[in-house]
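Student: Pasting a structure here, questions to come.
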Amino acid sequence: MKFNRRNFIKSTAICGCSLLIPSCSTVPVTGRKQLNWVPERMIKYISDSYYYDFLDENYLRIEKDEKYMKRIQDIGYNIEKGIKKYFEFQNEDFRKFKFDYEINVIKDKRTLNAFAMANAKIVLYSRIIDFAESDDGIAVILGHEMGHVIARHVQERISQRVTLDILTLGIAELVTEIGFFLPWSRKQESEADYLGINFMYLAGYNPDAASKFWKKLDDYINEVKKYKIDGDIITAINRRMPQWAKTHPSAKQRYKNLNKWSDEVKEKYKNFI
């Protein structure tokens, strides 16, 4: 990647010290207060730089099959409609949550992952689409990623990181990774799950698919753990790492949460849809 996080932090600190005044916004649905002070134009600049560098480096692996991509993009459009319905339900102005979404798929049969940037650009690896199987399953993934965008999680993470780097001159990075940032990351992942299940249900998809997706993933993880590891010490450590030291809630915890939330959203919107 051409993007270097440490250089970005340093340049942001230089430009932004005079702006270092606590600024909070509120996460939709959950109502949690979040630190968010880095200017949006700076967030957009770094998001665009990372995203387009990533596409350049992976150009030959970008899925270009029109029929295949239409299916994925149509699900994305439907989730956007679900987001709009959510804010209509809340009697809130949707325009401030309207983003220029773009979805790309990277042909990769080994990487079970997806990510979203603050600029609403979303990347799915083909492995996770295959794993999701159905449109409902893909809606789970896209709803989750759009949840990160709506909740402005990237902005929050950058604001947190820059603030602590300024205050500690970067010397407390390891301590803050374990003691501060990881718990926030787990909370953000849970928020994105909750936002996503609201959005996908309002988009017309079955919310029960969310818990099923994570149950399937939990089963997959447990199956992988059975295989003997020869010489890959990093993988071995990661598999045995306690939950408090991981950046994501466990798959088991997620499918339990989503199973409960599925019933909640059905009840919440039963007279709205």
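Every number here is computed from the coordinates shown, using simple stated rules; none is lab data. Values in this document were obtained by computation on a predicted structure and should not be read as measured data. Here Cβ is always computed from backbone atoms with ideal geometry, including for glycine, and neighbour counts include all displayed protein chains.
Student: Between Gln253 and Ser49, with labels modelled 7 Å along Cα→Cβ, what's the label distance in nm to one decimal, could you check?
Tutor: For Gln253 paired with Ser49, the spin-label model returns 3.3 nm.
Student: For Arg32, list long-range residues whose amide hydrogen, built 1.01 Å from N in the peptide plane, is under 5 Å from its own amide hydrogen.
Tutor: Val27
Student: In nm, to one decimal, how far is the Lys96 label point from the Ile221 one, both placed 7 Å along Cα→Cβ?
Tutor: It is 3.5 nm.
Student: Same structure, new question: If N is the number of residues in region 31-113, what value comes out of its Cα radius of gyration divided by 2.2 N^0.38 Å?
Tutor: On the way: Rg = 16.3 Å, N = 83, 2.2 N^0.38 = 11.8 Å.
It is 1.38.
Student: What span do the alpha-carbon atoms of region 85-169 cover on each of the three principal axes, reported in whole Å from largest to smallest?
Tutor: If we take the Cα atoms of region 85-169, the spans are 45, 40, 17 Å.
Student: Going by average Cβ density within 10 Å per residue, which order do the peptides 71-81, 99-109 take, highest to lowest? Don't skip to the end; give the middle numbers.
Tutor: Values: 71-81: 18.3, 99-109: 16.3.
Put in order of decreasing packing, that is 71-81, 99-109.
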